Each structure stands twice: as C-alpha cells, then as structure tokens.
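The values are calculated or read from the model by the stated rules, or taken from the named source; none is laboratory data. Note that the structure is a prediction, hence the values are computed from the model and not measured. FYI the Cβ positions are ideal-geometry reconstructions off the backbone, even for glycines, and counts take in every protein chain you see. Side chains included, ligands, DNA and RNA excluded: accessible areas come from the protein's heavy atoms. Shrake-Rupley method; radii C 1.70, N 1.55, O 1.52, S 1.80 Å.
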Amino acid sequence: MRTSAPVAFDIGAQPLASALDVYSAATGLQVVYDATLASGRRSRAVAGSMPPDMALRILLDGSGLTAVYAATNAFTVVPAVAERRMSAASLDSFRPYLAAVQTSIAKAFCRSSLTTPGTYRVEFRFWIGPVGEVLQPELLTSTHDEIRDQAIAGLLRALTIGRPPPRDMPQPVAMAVSPRPPAQTGDCGAAGADLASPVAR
C-alpha cells in the first residue's frame, strides 16, 4: 500500500526497467507500464531512507517519464508533459523557504576554509526530504580541486535545512557558488552574498 513512511533504498543507476523492478520490490507497489517506454532509458541512482514518492521522483528524474498513481498500491509510468515554466509570481510562496535553504548552505560552506566561498565556482543540486534533510546531492560542475569537490559533496550529504519543504515545491533545488574578488568577499559572515539564489526546478 502507498505510504509516506521512509523506506531504505539502494538502487543504482541502471536500465529503467530493472530499476522499476527493484523499486517495486522495495516498496511493495505494483508498476504497470508500456515496456517500450522504458526501452533505452536509464534511472538515476536512489540511495538513503526517504518516502517512496520522493524516491520514485528521483529515480525517474531526467528520464522524460513521470509516475501516475492508479490505486493505493499501484502506479503507471507515462511520458512527462513538457516542463512547466513557473512564473516569478508562482514562486513567491516558496521564497521564504528558499531563503532559509540559502542561509543553511552558506553556513555549511563557511565551516571550513577549504569550502569558504570567494575563490571558486561550483554548481550543484539536491533534493530536500520531508524533515528537511538534504538527499541525493550532486555536483553539476567541478571546482577543479578534487579535495574541495569531495569536501563540498560531504558537507551537502550531512546537511539538514531544519524544517520540511513546502509539499508542492518543485525539486530538485539547484544552486551555484560564485567567485568574487577579495575586496567584495569580506568575511564569511557575508558569504551568503556569494551564493546564487536557489532555484527550485
């Protein structure tokens, strides 16, 4: 039966059909779909404890498909509609939460001189779980410093925002840290200025 209770997932990136089989076994949910839709498509990796709905969204992310629940214990996979472009007005209700996300990220980056913003650029994205935990963080670009990249990935994996996201907020959240000249960087108390505003996708 469909539930919001967290389930432990460990699904590697793989052909979509086999990933859906693993997901179905882990959740007990039945999946019904046209096999031709899954042909040639791959899933994203899903690892960690999270609600099944969120895990399925992550698994299907980038596949061009979306899940439609047909019953309490079954879903089907169908082509996703063209990505909906949200207007600035429609994002207004999420801005206070996204500001809290930005503040939490800035504080985390400032805890180490290695990750303190000011001399590098990096883009990343992540999902936010039902109690505010950061899930599935992914670096979209490199800082060109492998040790720093590993440190950033580690701090994102350990991060919690402190409160749950709005239920209808688009995810994942994408952010960027931009380099600034030393004269503009200031101390780390102002590091939030170096963090581009988060974008919910």
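Would you confirm, using the coordinates I've provided, whether Arg157 is within 20 Å of Pro52 (Cα to Cα), open to solvent by 30 Å² or more (accessible area, probe 1.4 Å) and more than 12 Å from the chain's Cα centre (by Cα)?
No: the conditions fail for Arg157.
Checked against (1) open to solvent by less than 40 Å² (accessible area, probe 1.4 Å); (2) over 16 Å from Leu159 (Cβ atoms), Pro117 passes all but a single condition, namely (2).
What residue, of Ala47, Ala74, Ala67, is touching an Asp or Glu at 6+ places or on another chain (Cβ under 7 Å) and closer than 22 Å to Arg167 by Cα? Quick ask: steps written out before the conclusion?
Numbers: Ala74 fails: touching an Asp or Glu at 6+ places or on another chain (Cβ under 7 Å); Ala67 fails: touching an Asp or Glu at 6+ places or on another chain (Cβ under 7 Å).
When all the criteria are applied, what remains is Ala47.
Taken over the stretch 107-132, the residue count meeting the criterion of being in contact with a Cys (Cβ under 8 Å, 6 or more places away or on another chain) and within 22 Å of Gly62 (Cβ to Cβ) is 0. Go through the stretch 149-187 residue by residue and tally those that are small (Gly, Ala, Ser) and modelled with pLDDT of 85 or more. Adding up the residues that qualify gives 5.
Only residues that are within 19 Å of Pro15 (Cα to Cα) and either open to solvent by 50 Å² or more (accessible area, probe 1.4 Å) or not in a strand (DSSP E or B) (or both) were counted in the stretch 55-77, giving 11. If you check every pair at least six apart or on different chains, which have Cβ atoms under 9 Å apart with a residue in the stretch 56-67 that is under 13 Å from Leu135 (Cβ atoms) first and a residue that is open to solvent by 30 Å² or more (accessible area, probe 1.4 Å) and not aliphatic (A, V, I, L, M) second? What qualifies is Arg57/Thr66; Ile58/Arg44; Ile58/Gln136; Leu59/Arg44; Asp61/Arg44; Asp61/Gln136.
Only one of Ala8, Ala25, Ala19, Ala47 is open to solvent by 30 Å² or more (accessible area, probe 1.4 Å) and part of a helix (DSSP H, G or I). Can you tell me which? Give the steps one after another, and end with the answer.
Details: Ala8 fails: part of a helix (DSSP H, G or I); Ala19 fails: open to solvent by 30 Å² or more (accessible area, probe 1.4 Å); Ala47 fails: part of a helix (DSSP H, G or I).
Residue meeting the stated conditions: Ala25.
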